[in-house]
1. For Arg29, are the conditions met, namely being part of a loop (DSSP other than H, G, I, E, B), modelled with pLDDT of 95 or more and surrounded by fewer than 21 Cβ atoms within 10 Å (Cβ to Cβ)?
2. For a quick check of your reading of the model, give me the residue pairs whose first member lies in segment 19-40 and is at positive phi, whose second is surrounded by 18 or more Cβ atoms within 10 Å (Cβ to Cβ), with beta-carbon atoms closer than 8 Å and at least 6 apart or on different chains.
3. Could you grab me the full set of residues in segment 86-103 that are buried (at least 17 other Cβ atoms within 10 Å of the Cβ) and over 15 Å from Asp27 (Cα atoms)?
4. Residues of segment 60-85 being open to solvent by less than 30 Å² (accessible area, probe 1.4 Å), in contact with an Asp or Glu (Cβ under 8 Å, 6 or more places away or on another chain) and assigned to a loop (DSSP other than H, G, I, E, B), which ones?
Amino acid sequence: MFGFGERQDINAGVEEYKKTDRAILVDVREADEFASGHIPGAVNHPLSQIASIGDRIPDRDRPVFVYCLSGGRSGKAAGRMQKQGFKNVKNIGGIADYRGPRE
């Protein structure tokens, strides 16, 4: 795991996600927050349900980039995913600082 516990630049993180082969972008906010606007291409898997993330992403070696509103929940999600055996998880911070398009 990388990026845990540090304030991240979500804009740089999104660019890195786009350049990373087989990467998946996960928004760990709740469904209503996700519906109010999210980064294009992101999938929603709330922190409250992170124990089941392996059902969605069975390949624990796949690069996963996680974000939330400010970076706190995504940091927790990254830590929990690491405990589940995910090897390439990056907390990219919070959408509050994101400057790109939203869906």
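The values are calculated or read from the model by the stated rules, or taken from the named source; none is laboratory data. Model, not experiment: these values are computed from the prediction. All Cβ positions, glycine included, derive from the backbone under ideal geometry; neighbour counts span all protein chains shown. Please note that ligands, DNA and RNA were not included when accessible areas were found on the heavy atoms of the full protein model with its side chains. Shrake-Rupley method; radii C 1.70, N 1.55, O 1.52, S 1.80 Å.
1. Numbers: part of a loop (DSSP other than H, G, I, E, B): yes; modelled with pLDDT of 95 or more: yes; surrounded by fewer than 21 Cβ atoms within 10 Å (Cβ to Cβ): no.
No; evaluated as a whole, the condition is false for this residue.
2. Short answer, once both residue conditions are applied: Arg22/Pro63; Gly37/Ile95.
3. Once the filter is applied, which keeps residues that are buried (at least 17 other Cβ atoms within 10 Å of the Cβ) and over 15 Å from Asp27 (Cα atoms), segment 86-103 yields Phe86, Asn88.
4. Pro63 - this is the single residue of segment 60-85 that is open to solvent by less than 30 Å² (accessible area, probe 1.4 Å), in contact with an Asp or Glu (Cβ under 8 Å, 6 or more places away or on another chain) and assigned to a loop (DSSP other than H, G, I, E, B).
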